[in-house]
1. Within the chain, how many Lys pairs that are eight or more residues apart, or on different chains, come under 19 Å at the alpha-carbon?
2. Before rounding to the nearest 500, sum -39500 (n - 2.57) across all DSSP H runs of length at least 4 in the chain and divide by the residue total; then give [θ] at 222 nm in deg cm²/dmol.
3. Between Thr77 and Lys31, what is the spin-label point distance in nm, taking each point 7 Å from the Cα along the Cα→C-beta axis?
4. So, R0 is 30 Å and r is the distance between the beta-carbons of Glu84 and Glu45; what FRET efficiency does that work out to, to 0.05?
5. Hey, any idea what % of the chain's accessible area is carbon plus sulfur with a 1.4 Å probe?
6. Roughly how many Å² of Ile38 are accessible to a 1.4 Å probe, to the nearest 10?
7. So what is log10(I(q)/I(0)) for the stretch 37-98 at q = 0.18 1/Å, when the Debye sum runs over its Cα atoms only?
8. Averaged per residue, what accessible area in Å² does the chain show with a 1.4 Å probe, protein chains only?
Amino acid sequence: MVENDLEERFKLEFNKHGDHLLGSCINYSGKYADQMLIKQNLYGEEWQYPEHKEYETIVAISFVEGRDKEKMNKIETIKKWFTELEHVQLLKEETLKG
């Protein structure tokens with residue numbers, strides 16, 4: 001399970017919670033990401049990410065706070081971690097400017 005790997009290897013602490021939009025999910029917020037959600041792709045009868053139906057679990061990460069260089073360092077750290085986990089695959093990366 002992704003959550004266990006991240007907790008054990010990188011000492012992240014997750015909070016479990018649920019809501020009516022996302023279903024039950026596991027959340028991390030801290031030094032390495034502003035938000036990291038681990039959630040089931042299929043919630044009820046609705047796909048959260050229909051373009052990726054072959055994946056049961058989705059990890060969505062956001063980096064909002066801080067300067068661009070700090071955010072890029074966090075992004076590179078997380079990407080490096082995920083390459084170390086055989087069962088994790090980067091599906092999409094996007095930069096939003098506001």
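The values are calculated or read from the model by the stated rules, or taken from the named source; none is laboratory data. Being a predicted model, the structure only gives us computed values, none of them experimental. Positions of Cβ are generated from backbone atoms using ideal geometry, with glycine treated the same way; all protein chains shown enter the neighbour counts. Calculation scope for accessible area: heavy atoms of the full protein, side chains included, ligands and nucleic acids excluded. Shrake-Rupley method; radii C 1.70, N 1.55, O 1.52, S 1.80 Å.
1. 26
2. -8000 deg cm²/dmol, from helical runs alone.
3. Roughly 0.6 nm, to one decimal.
4. Between Glu84 and Glu45 the formula returns 0.30.
5. Values: 3540 of 7290 Å².
In the chain, the share of accessible area belonging to carbon and sulfur is 49 percent.
6. Roll a 1.4 Å probe over it and Ile38 shows about 10 Å².
7. So the normalised log intensities are -0.77.
8. Values: 7290 Å² over 98 residues.
In whole numbers, the chain has 74 Å² accessible per residue.
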